[in-house]
Amino acid sequence: MLKMFLGVWLSVVVLLSSAYVPFISGAHAASADVIITQIQAGAAGAPTQEFIVVYNNSPLEVDVSGWCLTNKNNATIGCFTPSAGPALYIPGYKHAVVASNTLSINLASVVYEPLSQSSGSITGSFDKISLIDHRGAVVDQHSWTSPITSGMHFARIATQVRPTFTVYQVTEDDSASDWTIVPTTKMPKDEVKVEVITVDVCPNIEGDQQVVPSGMVLSEIGECVDRIIITVNITEVFPNAPGSDTGKEFIELYNPNDFPVDLSDYRLYVGPQYENEYLFPVDAIIEPLTYKSFSNSDIPFSLLNTSSKIALSLSDGTSISEVPAYQDPKEGQSWILIDGTWQYSATPTPGLANVAGIDGVQNVEVILQPCAANQYRSLETNRCRLISSSAGTIAACKDGQYRSEETNRCRNIATDAKIITPCEEDEERNLETNRCRKIVTANSPTPCKEGQERSPDTNRCKIVKKMPSSDYGVLGAQVESGGNWYAFAAIGGVLLIAIGYAVWEWHAEIGKFVQKVRKKFIRFLRARK
């Protein structure tokens, strides 16, 4: 009897514990609720137009990442492989569509190429389609041995059809009674959801950065730091070589740093509008304080004899060096940079320092258009810039105006003759806005209405905002109930009832047991004497 009582008590506790599980379980259902509901082995006259529909026959979404569909030969037809995040989910009572690329490429979450271009991946005469989870276990399958008529497909029988969901019949593994054959009309809508997890690539910067911000790089310890831009200058361009230009045109670079520079991250742009982009040869390195030229045999660029521009940039678009456009250079002349000025030279010097007036030939300086009257030429960039207002002539303000020291613009002069309407008896003039406002008195303000509170900033009543309540749990989080005491109270009550029942049921046996213990205790005491 004691064993029976303990068995009953244990069963009750297990049942109560099972009832308590939904309050602390996660938000995803078990994988056994995902089933195959439709299979098309091929369309009329198109055996490779196949599709398989997988359905979540439960109200909770299911993670199907890494699940696959196979045929009777255990050949993989298609898999749910995440492409935009770590997980793919089928929401509750929703469909996932797997289709061949000859049938659909936009309406299915999984699109596969048929194993055979003539017969496809599913055999209409006899086959077995299995749904395998990410651990390799069979979740659901359907097999058949009789050929299916062209234009028809297998469909699982529905037991409930509601406006928002459908419940399908599931009796046992691969039961033929769960299926029927229906004409093919159209596939259901694919409703697979992709869960994207944002990865912060810059943990040392506030907020989430999915990519490294422009102008920054990852350090050796994985933090985003400012990118150090290493300067490399374009110093000479040779666009009009005598005779054929092939292998003779060149662009020269200079490394002003005291360390070598690897050009693998640099890009060369050539053309009137920088329309042509070129990479440098593999392992192109400029030694410290050294000139290095690249011909159009090293890099397949083409320099126009009339006019063109050249620029050097990093791979992210950061500008490093720019060359102003040359204009109709004579044959054999190079476009060189000397002392910050671009000019022509009759003697090209690839890989060497540029020297003005080589062989007594007078270099031709760049003819620059004069700047406008309100501009001046910058000595650093050689470009025209606006003259600051202090150096220019400023038109006088009109009568009744004055010039603001802050904005340097003309403003109307405020006069004392302006008539200001006096404030009311219960008002005062605000010194900041010059407007009338109510005089704040020491009288107690009128109490706010129910559901309102007084703002300490404006002293006005405002509606108390309440946080909206939610009757469902957050995806991916555990839902814990603050009122779980009743579950423990129920278990305690059952235990008290069980103990009372045991005392009443076995009171005779308990009495005998107590008498035996008492006699043994008395004998023990007598023996001690």
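The values are calculated or read from the model by the stated rules, or taken from the named source; none is laboratory data. From a predicted model like this one, the values you see are computed outputs, not experimental measurements. Cβ sites come from the backbone with ideal geometry, for glycine too, and all protein chains shown count toward neighbours.
Figures for the structure shown
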| read-out | value |
| --- | --- |
| Unmet requirement for THR171, which otherwise passes all of (1) under 39 Å from the mean Cα position of the chain (by Cα); (2) in the same structural domain as TYR89 (by TED's automatic domain parsing); (3) over 23 Å from PHE51 (Cα atoms) | (1) |
| Count of residues meeting criterion [in contact (Cβ under 8 Å) with a residue 40 or more places away in the chain and loosely packed, with under 15 Cβ neighbours inside 10 Å] in the stretch 287-303 | 2 |
| Flag for ASN101 being without any contact (Cβ under 8 Å) to a residue 24 or more places away in the chain and in contact with a strand residue (DSSP E or B) (Cβ under 6 Å, 6 or more places away or on another chain) | yes |
| Test: residue in the stretch 368-382 that is at pLDDT 70 or above and under 27 Å from GLY215 (Cα atoms) | no |
| Qualifying positions in the stretch 135-159 - among the hydrophobic types (A, V, I, L, M, F, W, C) and within 13 Å of GLN38 (Cβ to Cβ) | ILE148, MET152, PHE154, ALA155, ILE157, ALA158 |
| Scope the stretch 149-175; condition farther than 15 Å from ALA44 by Cα and in contact (Cβ under 8 Å) with a residue 12 or more places away in the chain; matching residues | ALA155, ARG156, ILE157, THR164, PHE165, THR166, VAL167, TYR168, GLN169, VAL170, ASP173, ASP174 |
| Condition broken by ILE122, with the remaining ones in (1) outside any strand (DSSP E or B); (2) surrounded by 17 or more Cβ atoms within 10 Å (Cβ to Cβ); (3) at pLDDT 90 or above; (4) touching a strand residue (DSSP E or B) at 6+ places or on another chain (Cβ under 6 Å) satisfied | (4) |
| Pairs where the first residue, in the stretch 237-251, is farther than 17 Å from LEU352 by Cβ and the second is surrounded by fewer than 16 Cβ atoms within 10 Å (Cβ to Cβ) and hydroxyl-bearing (Ser, Thr, Tyr), C-beta under 7 Å, 6+ apart | GLY247/SER297 |
| Flag for HIS134 being buried (at least 16 other Cβ atoms within 10 Å of the Cβ) and not aromatic (Phe, Trp, Tyr) | no |
| Hey, THR81 buried (at least 16 other Cβ atoms within 10 Å of the Cβ), of a type in the set (Val, Ile, Thr) and not in a strand (DSSP E or B) or not | no |
| Residue in the stretch 436-452 that is acidic (Asp, Glu) and either part of a helix (DSSP H, G or I) or modelled with pLDDT of 70 or more (or both) present | yes |
| Which listed residue is in contact with a Leu (Cβ under 6 Å, 6 or more places away or on another chain) and modelled with pLDDT of 90 or more, from ILE77, ILE90 | ILE77 |
| Tally, over the stretch 337-356, of residues that are β-branched (Val, Ile, Thr), over 21 Å from SER295 (Cβ atoms) and not in a strand (DSSP E or B) | 0 |
| One residue from GLN141, GLN160 being of a type outside the set (Gly, Ala, Ser), in the same structural domain as LEU69 (by TED's automatic domain parsing) and in contact with a Phe, Trp or Tyr (Cβ under 9 Å, 6 or more places away or on another chain) | GLN160 |
| Residue list for the stretch 31-46, filter: surrounded by fewer than 21 Cβ atoms within 10 Å (Cβ to Cβ) and either part of a strand (DSSP E or B) or in contact (Cβ under 8 Å) with a residue 60 or more places away in the chain (or both) | SER31, ALA32, ALA43, ALA44, GLY45, ALA46 |
| Per-region count, the stretch 153-166, residues under 13 Å from TRP179 (Cα atoms) and surrounded by fewer than 17 Cβ atoms within 10 Å (Cβ to Cβ) | 3 |
| Where PRO47 falls short, out of the listed (1) within 23 Å of ASN71 (Cβ to Cβ); (2) modelled with pLDDT under 65; (3) not aromatic (Phe, Trp, Tyr) | (2) |
| Those residues of the stretch 93-142 which are of a type in the set (Gly, Ala, Ser), over 22 Å from PHE165 (Cβ atoms) and within 28 Å of the chain's Cα centre (by Cα), in sequence order | ALA99, SER104 |
| Conditions (1) buried (at least 17 other Cβ atoms within 10 Å of the Cβ); (2) in contact with a strand residue (DSSP E or B) (Cβ under 7 Å, 6 or more places away or on another chain); (3) closer than 17 Å to ILE77 by Cα; number of the one not met by ILE148 | (3) |
